[in-house]
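Visitor: Before anything else, here's the structure in question.
The values are calculated or read from the model by the stated rules, or taken from the named source; none is laboratory data. Everything numeric in this text was worked out from a predicted model, so none of it was measured. Cβ sites come from the backbone with ideal geometry, for glycine too, and all protein chains shown count toward neighbours. Each accessible area value is taken on the protein alone, full model and side chains, heavy atoms only, with ligands, DNA and RNA left out. Shrake-Rupley method; radii C 1.70, N 1.55, O 1.52, S 1.80 Å.
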Amino acid sequence: MKIYSFEQIAKKNKQRTVVLVTVMSVLLTLAILMITFTVMSRRALQSAEETRDYYDRMHRIAYPNVQYNYSVFEPTSEFSGYYYLDRVKTIAGIKVPYEDINAPYGAWKRRSYISGRARTDATPYQTATYTLGSGYKSPMFYNTHYDYSQKDGFHMEKTQDIAFLSQMKGYAVEMAVTFDKPYTLEEIADKIPEQLMVNWYWIGTDSNLYDTAMFTPEEQIGFSLNPYLVRDGKDSTDKEKEDVWQMSYQDFTENLQLALDRDWLNHSLSTAKGEIYSQKKEVVTYLKANPDVKSARFSGVILTGRAEDFSDLEGKEWIFSSNIGESILIQPYHQLQD
């Protein structure tokens, strides 16, 4: 029987301890790495889903006449990437390009979709606005309560662009029409010629303190009729039209409330005298005053159609202003929507 000295026993115990500590350290490190990887991956996935949810819902309550063809995630690592939306506008049934969105998401970013907004901003001039990316002309809505004749402060000039359309024969045109006062959907339908399409409805404002024509597309609040409910090219009964209005407006108001709940509508304007515009307050006021689609009123619309089909609207007293957006020369291969 081999007898070990105390020193030998102590040495062997020390070696076992070192091995055990090393193994435990490696296992602990691997466990921490796995947990960190899992947590960060989940955070990145959550950020990606939040970014997609934000843009999907905002396109239901803002961005006049803007849709997206498709959207896709473009990962740059396990924990980050971009959410890409290929966007278009529809003018009398013709799809035309519009600014895309490439919004970052990631495990280390919070509300990363905000940084994607810059590509949709408009550069203000006196009578027109253009997107910063590709310079697409952006239609503007005007505040009927605002004094556009005042000399103090910068503001847009009120336009009547329908008068220009006699010089644009052969073009399909997008036009923002601001009414003299808010009207119901039924009243609007009675005013618009049948050959023109109403692509989008604008809620407007009751304030006289700011110029709405300077707002970016994301700051303009309104909605389109649900394209999956509209019977393109087919006659609809009054009941079917009412159902489309009801379901589209319900989707609009539900998404407006959700945007409020998630604090997405936080655009505001302030001067030395205090706040003059709060997007959140505007939306809260509108929802309270317009709970039902039949009585809900709108201050403007986006109209699209052939340039010559706008002639019946020229000089109408109920039109406060008209401002042209995008336009496209009609080609033989284009299929216009009547």
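Visitor: Rounding to the nearest 20 debye, state how big the charge dipole of the range 121-329 is about its Cα centre with +1 on each Lys and Arg Cβ and -1 on each Asp and Glu Cβ.
Guide: On the way: 19 positive and 34 negative charges, 59 e Å.
That gives the range 121-329 a dipole magnitude of about 280 debye.
Visitor: At 0.36 nm per residue, and after removing the present C-alpha to C-alpha distance, how many nm does the segment from SER270 to LEU45 gain when stretched out fully? Before the final figure, lay out the partial values.
Guide: Details: separation 225, 0.36 × 225 = 81.00 nm, distance 3.62 nm.
The span from SER270 to LEU45 would gain 77.4 nm if fully extended.
Visitor: On to the next question. Quote the accessible area belonging to GLU254 in square angstrom, nearest 10, computed with a 1.4 Å probe and with ligands, DNA and RNA left uncounted.
Guide: Result for GLU254: roughly 110 Å² accessible.
Visitor: Still on this structure, please answer the following. Cα-based Rg (one decimal) and Dmax (whole number) for the range 121-329, in Å?
Guide: Over the range 121-329's Cα set, Rg and Dmax evaluate to 17.2, 54 Å.
Visitor: Now, a different point. Accessible area, 1.4 Å probe, largest first: how do ARG57, ARG42 sort? Please list the in-between numbers first.
Guide: Details: ARG57 60, ARG42 170 Å².
Largest accessible area first, the list is ARG42, ARG57.
Visitor: Can I ask one more? Filter the trypsin sites (Lys or Arg not before Pro) in the range 255-338 down to the DSSP loop ones having no more than 14 other Cβ atoms within 10 Å, then list what survives.
Guide: Numbers: sites: ARG262, LYS273, LYS280, LYS281, LYS288, LYS294, ARG297, ARG306, LYS316; in loops: ARG262, LYS273, LYS294, LYS316.
Here the sparse-neighbourhood loop sites are ARG262, LYS273, LYS294, LYS316.
Visitor: How much length, in nm to one decimal, is gained on full extension between LEU336 and LYS280, taken as 0.36 nm per residue of separation minus their Cα-Cα distance?
Guide: Extending this stretch completely gives an extra 16.4 nm.
Visitor: A further question follows. Starting from 0.36 nm per residue, how many nanometres of slack lie between ASN208 and ASP243 once their C-alpha separation is accounted for? The partial results should precede the final answer.
Guide: Values: separation 35, 0.36 × 35 = 12.60 nm, distance 3.44 nm.
Length gained between ASN208 and ASP243: 9.2 nm.
Visitor: What is the set of long-range amide H partners of GLU157 at a cut-off below 5 Å, with H atoms built 1.01 Å from backbone N?
Guide: When sequence neighbours closer than 5 places are left aside, the close amide H contacts are THR127.
Visitor: Something else about it: Under a 1.4 angstrom probe, counting protein chains only, how are TYR130, TYR63 ranked by accessible area, largest first? Kindly include the intermediate steps, with their values, before the conclusion.
Guide: On the way: TYR130 85, TYR63 0 Å².
I get TYR130, TYR63, largest accessible area first.
Visitor: Which one, HIS155, ILE302, PRO217, is farthest towards the positive end of the dipole of the range 121-329 when Lys and Arg carry +1 and Asp and Glu -1 on their Cβ?
Guide: Of the options given, the answer is HIS155.
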